[in-house]
Amino acid sequence: MKRARPGRRSGSASAAPSRPAGGSASGRTRKPAAGPESRLSRVRRARRINRELGEVYYYAHPELDFENPFQLLVATVLSAQTTDLRVNLTTPALFAAYPDPAAMAAADPAELEEILRPTGFFRAKARSLLGLSARLRDDYGGQVPGRLEELVKLPGVGRKTAFVVLGNAFGVPGLTVDTHFGRLVRRWRLTEQTDPDRVEAEIADLIPRKEWTDFSHRTIFHGRRICHARRPACGACPIAAVCPSFGEGETDPAKAKKLLKYEMGGRPGQRLKPPPDYPGEPAVPMPPEAAPASDAAAPARDA
Ligand code: SF4
């Protein structure tokens, strides 16, 4: 992952945007589009959005705590249909009990399920972890492979999970098309696709390959903090000037500011161990068992 630039912005929760609505990171203004947009115009807009997000979220990073590729792979599998914070609260006990693929592959299924229970869908997730750990142990010498073709053959691992691992553990650029990413690139009218694979292909055509991982982090950060699914905080959005969907959410600056989340709203982030340049506070530890969850219950959306 490209390292952030410490000091680019003040290291506090005041990272919340202070410029007025309609401003942009560069201070330039948006011209209204006339007629169908050319590919060149779309490329330029996409890259400008990426640049301006890069100024705002210079510290963007994976929001899962991990120390090695195996931990990142496991945490990413667990993050399906729950929050990264919930995963971060669960994985310390998980990795203490099962520190490597061989140990996890030999886990008692019932004991593994009990640890995973707070993340929801814990039986299916336990099956995936047992299966992928056994494959890593038997076929890859206990190591996580660094190739997309091999990662997606592991139980419970799709392209989204594979790109998270490739981008953040192996330095291989990848686009992570999750719910936030898809929503935002459609709001920015960079694509009209809803199928994640098609979204990935169209955005890959707009953003330079070396920027794919960082663009994913920046976009997901923006979706979690400002451009929410139900009520985007347009009036407090630092890239409002380049967004064709400005006005889809709250435009009053004072009201919009109250919608900001995590460090943008002056609150803790999702990681218990955030990177040193993170301008907010670490997540507040709490016992995983405090989380209500069952395998049948409707899980929380990824936040
Ligand atoms: S929809 Fe609103 S919050 Fe989202 S990027 Fe556009 S201006 Fe910002």
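FYI, it's all coordinate maths here, none of it is from the lab. Predicted model, so just to flag it, every value in this text is computed and none were measured. Cβ: placed from backbone, ideal geometry, glycine included. Neighbour counts: every protein chain shown.
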Inset, instruction - Taking the residues in the stretch 189-227 that are among the β-branched types (V, I, T) and outside any loop (DSSP other than H, G, I, E, B) as candidates, determine which candidate is farthest from the ligand (Cβ to nearest atom). - result: T213
Legend entry - Subset of the stretch 53-76 [surrounded by fewer than 20 Cβ atoms within 10 Å (Cβ to Cβ) and touching a Ser or Thr at 6+ places or on another chain (Cβ under 9 Å)]: E55, Q71
Legend entry - Tabulated pairs, the stretch 39-60, first touching a residue at least 24 places away in the same chain (Cβ under 8 Å) and outside any loop (DSSP other than H, G, I, E, B), second polar (S, T, N, Q) and crowded, with 18+ Cβ neighbours inside 10 Å, C-beta under 6 angstrom, 6+ apart or interchain: E52/S24
Inset, instruction - Would you point out which residue out of H180, H228 is surrounded by fewer than 20 Cβ atoms within 10 Å (Cβ to Cβ) and either out of contact with any Leu (no Cβ under 6 Å at 6 or more places or on another chain) or hydrophobic (A, V, I, L, M, F, W, C) (or both)? - result: H228
Legend entry - So L184, is it assigned to a helix (DSSP H, G or I), within 16 Å of the ligand (Cβ to nearest atom) and hydrophobic (A, V, I, L, M, F, W, C): yes
Inset, instruction - State whether the residues of the stretch 262-278 include one that is assigned to a loop (DSSP other than H, G, I, E, B), among the aromatic types (F, W, Y) and within 8 Å of the ligand (Cβ to nearest atom). - result: no
Legend entry - Enumeration of residues in the stretch 237-259 that are within 15 Å of R187 (Cβ to Cβ) and either more than 9 Å from the ligand (Cβ to nearest atom) or surrounded by fewer than 20 Cβ atoms within 10 Å (Cβ to Cβ) (or both): P244, S245, F246, G247, E248, T251
